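The values are calculated or read from the model by the stated rules, or taken from the named source; none is laboratory data. In this text the structure is predicted, and so the values were computed from the model without any measurement. When we count neighbours, we look across all protein chains shown, and the Cβ atoms used for this are built from the backbone with ideal geometry, even at glycine. To get the accessible areas, we keep the full protein, side chains included, count just its heavy atoms, and leave off ligands, DNA and RNA. Shrake-Rupley method; radii C 1.70, N 1.55, O 1.52, S 1.80 Å.
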Amino acid sequence: VVAAAVILPDPRQIQLPEGINDSKALPPARRDEIFAALCATATIGVGMASVDEIDQINILQATMLAMTRAVQALGQIPGLVLVDGNRLPDLPCSGDAVIGGDGLCLSIAAASVIAKVTRDRIMEGLARGNPAYGWERNRGYGTAEHKNAIKSVGVTCHHRRSFAPVREAIKAREESSG
């Protein structure tokens, strides 16, 4: 899980990139452009939770942990944190949860872009060492291509054991070898 926190500069002093929006609503090339512009102008913190952490505490709690880490990585305590969703992680400051925030709030949309591009780049790197799974295309999501590779090739240390197709593949391999 990758989360980001972004403190945008004062738009009266620095021009923000145009078109900052929910990362899912942007084409990949535009996300990359906005990512680069934000890296040059904004204060950014990125937080992650590992596969093991996800499996130990569940995806929701791991997401909250990644968000907390992202805020901590800012290097300063913001006055207020706006979070996309309906609950807040453990924060060192005040916060508000904003449902659908990545489509409503510029700073949440900016964080969405930073987190998505960061995660996509991680998955592209993992794909080079694990080409069977198509991670450069499916980004690790449970597409038919990814699920088929799990069944035929098996699982890696990058797979969440709490993901049902992974659990099923591990169980099937144990039963067939056993």
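Quick notes
- Residue selected from region 21-31 under the condition in contact with an Asp or Glu (Cβ under 9 Å, 6 or more places away or on another chain) and either in a helix (DSSP H, G or I) or of a type in the set (V, I, T) (or both), by the criterion most open to solvent (accessible area, probe 1.4 Å): K24
Every residue, every condition in (1) over 30 Å from L82 (Cα atoms); (2) surrounded by 14 or more Cβ atoms within 10 Å (Cβ to Cβ), yes or no:
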{"residue": "S107", "(1), (2)": "no, yes"}
{"residue": "V113", "(1), (2)": "no, yes"}
{"residue": "E124", "(1), (2)": "no, no"}
{"residue": "G134", "(1), (2)": "yes, yes"}
{"residue": "R137", "(1), (2)": "yes, no"}
{"residue": "K147", "(1), (2)": "yes, yes"}
{"residue": "I150", "(1), (2)": "yes, yes"}
{"residue": "V153", "(1), (2)": "yes, no"}
{"residue": "C157", "(1), (2)": "yes, no"}
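- Residue in region 89-102 that is under 23 Å from E33 (Cα atoms) and touching a Lys or Arg at 6+ places or on another chain (Cβ under 7 Å) present: no
- Tally, over region 109-134, of residues that are basic (K, R) and farther than 21 Å from L8 by Cβ: 2
- Tallying residues that are part of a helix (DSSP H, G or I), more than 12 Å from A5 (Cα to Cα) and touching a strand residue (DSSP E or B) at 6+ places or on another chain (Cβ under 8 Å) within region 53-101 yields 3.
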